[in-house]
């Protein structure tokens with residue numbers, strides 16, 4: 001019975017965290033507002049969540065995969081894709097992207113975007129909590 005309650009509690013916390021992160025990413029125009037519509041050949045590293053439609057997450061994921069591919073050394077697209085994976089219920093893939101993005105941020109040192117670092121740390125905490133709950137259930 002305790003494991004059912006713990007899993008339900010974890011789901012509620014994860015959903016709340018996702019909502020907060022989603023709202024904060026839309027509210028920060030300095031990070032996410034593109035200045036021009038990016039062409040297919042030159043996609044902005046911040047384009048993953050452009051025109052995000054919660055009813056079309058598969059399409060959003062395909063678009064974001066292109067962004068991640070074009071910006072392999074940038075943690076932002078991985079951070080954004082982890083949100084899409086979370087919304088799709090694919091938390092293992094989301095957590096993998098968080099780990100990859102944090103590793104990329106570490107290589108940037110002082111030049112790392114502090115907002116992205118904050119978002120990734122919050123997502124990593126959620127991933128760790130999910131793993132701990134799964135191990136204790």
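The values are calculated or read from the model by the stated rules, or taken from the named source; none is laboratory data. Keep in mind that what you see is a predicted model, and the values were worked out from it rather than measured. Counting neighbours? That spans all protein chains shown, and the Cβs are built from the backbone with ideal geometry, glycine included.
Numerical summary
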item: Failed criterion for residue 64 (all others in (1) under 17 Å from residue 128 (Cβ atoms); (2) surrounded by 21 or more Cβ atoms within 10 Å (Cβ to Cβ) hold); result: (1)
item: Hey, residue 36 outside any helix (DSSP H, G or I) and at pLDDT below 55 or not; result: yes
item: Verdict on residue 84 being at pLDDT below 90 and either more than 15 Å from the chain's Cα centre (by Cα) or under 23 Å from residue 127 (Cα atoms) (or both); result: no
item: Flag for residue 78 being free of Cβ contacts under 8 Å to residues at least 24 places away in the same chain and either closer than 16 Å to residue 45 by Cα or not in a helix (DSSP H, G or I) (or both); result: no
item: Scan of the range 81-92 for residues that are surrounded by fewer than 16 Cβ atoms within 10 Å (Cβ to Cβ) and part of a helix (DSSP H, G or I), ordered by number; result: 92
item: Selection within the range 89-137 - closer than 14 Å to residue 74 by Cα, in contact (Cβ under 8 Å) with a residue 60 or more places away in the chain and within 10 Å of the chain's Cα centre (by Cα); result: 116
item: Any chance residue 115 is farther than 26 Å from residue 66 by Cβ and surrounded by 15 or more Cβ atoms within 10 Å (Cβ to Cβ); result: no
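Table: residues versus (1) modelled with pLDDT of 95 or more; (2) part of a loop (DSSP other than H, G, I, E, B); (3) within 21 Å of residue 57 (Cβ to Cβ); (4) touching a helix residue (DSSP H, G or I) at 6+ places or on another chain (Cβ under 7 Å).
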position	(1), (2), (3), (4)
94	yes, no, yes, yes
98	yes, no, yes, yes
101	yes, no, yes, yes
105	no, no, no, yes
108	no, no, no, no
117	no, no, no, yes
126	no, no, yes, yes
130	no, no, yes, yes
133	no, no, no, yes
